[in-house]
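Heads up, the thing below is written out as structure tokens.
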Amino acid sequence: MHDGTGRIVVQNLTKQFGPVAAVQNLSFTVEPGSVTGFLGPNGAGKTTTLRMLLGLVTPTAGIGLINGRPFNQLGNPARVVGAVLEAQGFHPKRTARNHLRVYAAAIGVPDSRADQVLQLVGLGAAGDRKAGGYSLGMKQRLALATALLGDPQILVLDEPSNGLDPEGIAWLRTFLQSYARSGRTVLISSHLLAEIEQTVDQVVIISRGQTMYYGPLDHLRDQQQGRVLVQPSDIGALVAALREDGINGIEQLPDGRIAVTGVEAKQVADTALKAGVSIYGIQEEKVDLERLFFQLTNGQFAAPGQKMGPDPYGQPQGGYPQPGYQQPGYQQPGYQQPGYQQQPGYQTPSQPFQQPGYQQPGYQQPPQDYQQQQYQQPPQGYQPPPPGTQQPPQDNPYGQQQGQGGLGGGA
């Protein structure tokens, strides 16, 4: 028999998939009467941990206990633990009501319990519709209804708000909090950090399969101080007045405001009033779970040396282009497109391709040092020689041409 406490205990839980350590020496406790958030980036080991806790995966080392017992020793576990790991285990041609009745018979509860949980999750009017026609959010509600059939002491839910609209998320938050206040235990995993922050009492944050933080949410917030952002008429006067009051956590921001750490907005406003400094804007910036989450899990899947997030004051991510940088998509001369096949018998020319043009037979290129002679007007009184008169030989700048002898005569 289990002890009936409703407590979940994970002790040194480890799971190795070949060379991959999915979970490494993970330990935490979930107490009854609270909603515990199980947080971590995708691939951190959340689902693997829940599957080991529910007896679906055998741990490499360590143990997970529910009411002081492993899951497979609970007797009728559906009366102790209601679990949802994925909202896909429905026959598409079966109605939601009949689906629940099948599970009710399997765990030994009356059919009337199916109607009760349908109403509880807001599917009373859709109970006779086939599950295959449900939206993702409706399937999430039906999966939760299945977990509630045995009126369990403990709920274990993996990403329960996935697919829910804002109204559904608000309903789920209220439901889980009231369920925990009745003295039961709720463990939910998620990466929807803003929603979890409004729902949970304590958090377990993991990264790379290891525990990064475990404890009450308020204690996690207390580790980071909030800030008051102020836009004063005279920054120097306000900074001096704050330091006179013993407030030294002051930072000037690039937008012209100052950030004051460890104080409330009222205290900053009172100090500004005494110093005669006008305040054009004041904002209290509280530490949220999302920021703390990124600090604890930063860089799990980042490449070595890669910065997480843009650096507004430094060089762009990846650095500035180095000399000789080529724009992506540019192809060097002679580059061959992937997948291109050269035609049979074709040989790549050794010289760059030139546009074909007409060239007179026997024509030779002039020497490199050749300069074209400029045209000169004939002297005044010049008369052309009569027809048939042979011109005196002249130097041929192109050398001997084809069809002529070395004396320049005709062939």
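The values are calculated or read from the model by the stated rules, or taken from the named source; none is laboratory data. Because the structure is a prediction, the values reported are computed rather than measured. Quick reminder, even Gly has a Cβ in these numbers, built from the backbone with ideal geometry, and neighbours come from all protein chains shown. Remember, those area values only see protein heavy atoms, side chains included, never the ligands or the DNA or RNA. Shrake-Rupley method; radii C 1.70, N 1.55, O 1.52, S 1.80 Å.
Being over 21 Å from Q11 (Cα atoms), open to solvent by 50 Å² or more (accessible area, probe 1.4 Å) and in contact with a helix residue (DSSP H, G or I) (Cβ under 8 Å, 6 or more places away or on another chain) is the requirement here; does R181 meet it? Reasoning before the result, please.
Values: over 21 Å from Q11 (Cα atoms): yes; open to solvent by 50 Å² or more (accessible area, probe 1.4 Å): yes; in contact with a helix residue (DSSP H, G or I) (Cβ under 8 Å, 6 or more places away or on another chain): no.
Against the criterion (over 21 Å from Q11 (Cα atoms), open to solvent by 50 Å² or more (accessible area, probe 1.4 Å) and in contact with a helix residue (DSSP H, G or I) (Cβ under 8 Å, 6 or more places away or on another chain)), R181 does not qualify.
Looking at E290 and the list (1) over 30 Å from L39 (Cβ atoms); (2) open to solvent by 20 Å² or more (accessible area, probe 1.4 Å); (3) part of a helix (DSSP H, G or I); (4) in contact with a helix residue (DSSP H, G or I) (Cβ under 9 Å, 6 or more places away or on another chain), which single condition is not satisfied?
Tallying (1) over 30 Å from L39 (Cβ atoms); (2) open to solvent by 20 Å² or more (accessible area, probe 1.4 Å); (3) part of a helix (DSSP H, G or I); (4) in contact with a helix residue (DSSP H, G or I) (Cβ under 9 Å, 6 or more places away or on another chain), E290 fails exactly one: (1).
P59 is checked against (1) within 21 Å of E31 (Cα to Cα); (2) open to solvent by 30 Å² or more (accessible area, probe 1.4 Å); (3) not hydroxyl-bearing (S, T, Y) and fails just one. What number does that condition carry?
Condition (1) is where P59 drops out.
Tell me, yes or no, whether region 99-111 has at least one residue that is in contact (Cβ under 8 Å) with a residue 60 or more places away in the chain and hydrophobic (A, V, I, L, M, F, W, C).
Taking every residue of region 99-111 in turn, none turns out to be in contact (Cβ under 8 Å) with a residue 60 or more places away in the chain and hydrophobic (A, V, I, L, M, F, W, C).
Could you tell me whether D270 is of a type in the set (D, E, K, R), assigned to a loop (DSSP other than H, G, I, E, B) and either touching a residue at least 40 places away in the same chain (Cβ under 8 Å) or open to solvent by 30 Å² or more (accessible area, probe 1.4 Å) (or both)?
No, not satisfied.
Hey, can you tell me all the residues within region 140-159 that are buried (at least 19 other Cβ atoms within 10 Å of the Cβ) and out of contact with any Gly (no Cβ under 7 Å at 6 or more places or on another chain)?
Across region 140-159, the qualifying residues are L142, A143, L144, A145, T146, L149, V156, L157, D158.
Which numbered condition in (1) open to solvent by 30 Å² or more (accessible area, probe 1.4 Å); (2) in a helix (DSSP H, G or I) is the only one that Q88 fails?
Only one criterion is unmet by Q88, namely (2).
Kindly indicate the residue of region 220-234 that is at pLDDT below 85 and not aliphatic (A, V, I, L, M) and also nearest to D270 (Cα to Cα) among those meeting that condition.
G226
Check L65 against each of (1) in contact with a Leu (Cβ under 9 Å, 6 or more places away or on another chain); (2) assigned to a helix (DSSP H, G or I); (3) closer than 30 Å to N12 by Cβ and name the one condition it does not meet.
(2)
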